[in-house]
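Student: Here you go, one structure.
The values are calculated or read from the model by the stated rules, or taken from the named source; none is laboratory data. Note that the structure is predicted; figures quoted are calculated from it, not measured. Positions of Cβ are generated from backbone atoms using ideal geometry, with glycine treated the same way; all protein chains shown enter the neighbour counts.
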Amino acid sequence: MENKTLASVDVVEDVICDVCRSSTRIPDYGLQYGKLEAQWGYGAQHDGEHYRVHLCEPCFFRVLSGLRRERMVNGMFDDDRPFSEDGFGLISTGNYWEQG
């Protein structure tokens, strides 16, 4: 026996990039975006603040490039830990179904 009830469900139709204001929807592939997020806790300068920025693919990689450059500059003269930009922030590749 099935008992049914009418339910209202929120559905995300689109995510707009917070930087360039473009849609992150790719026809026939759905939403493709990245997030930059931080939630600061007790003792942090920004205690209690929660940030989330949605980024389209081009803006995400511009932000990542800026962070990569900052990392390179900060470690430029660090002989103990030489800078390597290989895979900075990359967790996996070819992971189309978000496994692992």
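Student: Which residues, taken from the range 29-43, are among the hydrophobic types (A, V, I, L, M, F, W, C) and either over 9 Å from L55 (Cα atoms) or in contact (Cβ under 8 Å) with a residue 60 or more places away in the chain (or both)? Working first, answer last.
Tutor: First, the residues of the range 29-43 that are among the hydrophobic types (A, V, I, L, M, F, W, C): 31, 36, 38, 40.
Hits for the range 29-43 are L31, A38, W40.
Student: Let me ask another. May I ask you to list the residues in the range 29-47 that are farther than 15 Å from V63 by Cβ and assigned to a strand (DSSP E or B)?
Tutor: Going through the range 29-47, the residues farther than 15 Å from V63 by Cβ turn out to be 29-32, 39-47.
Within the range 29-47, G30, L31, Q39 meet the criteria.
Student: I would also like to ask the following. Identify all residues within the range 26-51 that are touching a Leu at 6+ places or on another chain (Cβ under 7 Å) and either over 23 Å from I91 (Cα atoms) or among the aliphatic types (A, V, I, L, M) (or both); write none if there are none.
Tutor: Across the range 26-51, the qualifying residue is only L36.
Student: Still on this structure, please answer the following. Please go through the range 48-68 and pick out each residue that is in a loop (DSSP other than H, G, I, E, B) and loosely packed, with under 11 Cβ neighbours inside 10 Å.
Tutor: Initial filter on the range 48-68 (in a loop (DSSP other than H, G, I, E, B)): 48-49, 56.
Result: G48, single match.
Student: Could you please find all residues in the range 17-36 being over 22 Å from Y96 (Cα atoms) and either of a type in the set (A, V, I, L, M) or at pLDDT below 95 (or both)? Can you show your working first?
Tutor: Applying the first criterion (over 22 Å from Y96 (Cα atoms)) to the range 17-36 yields 18-22.
Once the filter is applied, which keeps residues that are over 22 Å from Y96 (Cα atoms) and either of a type in the set (A, V, I, L, M) or at pLDDT below 95 (or both), the range 17-36 yields only V19.
Student: Could you list, ordered by first residue, the pairs with Cβ atoms under 7 Å in which the first is in the range 13-28 and more than 10 Å from P58 (Cα to Cα) and the second is surrounded by 11 or more Cβ atoms within 10 Å (Cβ to Cβ) and among the charged types (D, E, K, R), at least 6 apart or interchain?
Tutor: Final answer for the pair search is D14/R25.
Student: Looking only at the range 69-99, count how many residues are modelled with pLDDT of 70 or more, acidic (D, E) and surrounded by 10 or more Cβ atoms within 10 Å (Cβ to Cβ).
Tutor: 1
Student: Any residue at all in the range 54-68 that is β-branched (V, I, T) and at pLDDT 90 or above? Lay out the reasoning, then the answer.
Tutor: Initial filter on the range 54-68 (β-branched (V, I, T)): 63.
Now restrict to residues that are at pLDDT 90 or above: 63.
Checked the range 54-68: at least one residue is β-branched (V, I, T) and at pLDDT 90 or above.
Student: I've got another one for you. From the list R25, R21, exactly one residue is at positive phi and under 16 Å from the mean Cα position of the chain (by Cα). Which is it? Can you show your working first?
Tutor: Numbers: R25 fails: at positive phi.
Matching residue, one of R25, R21: R21.
Student: Against the definition (in a loop (DSSP other than H, G, I, E, B), in contact (Cβ under 8 Å) with a residue 24 or more places away in the chain and aromatic (F, W, Y)), how does F88 come out, yes or no? Reasoning before the result, please.
Tutor: Numbers: in a loop (DSSP other than H, G, I, E, B): yes; in contact (Cβ under 8 Å) with a residue 24 or more places away in the chain: yes; aromatic (F, W, Y): yes.
Answer is yes for this residue.
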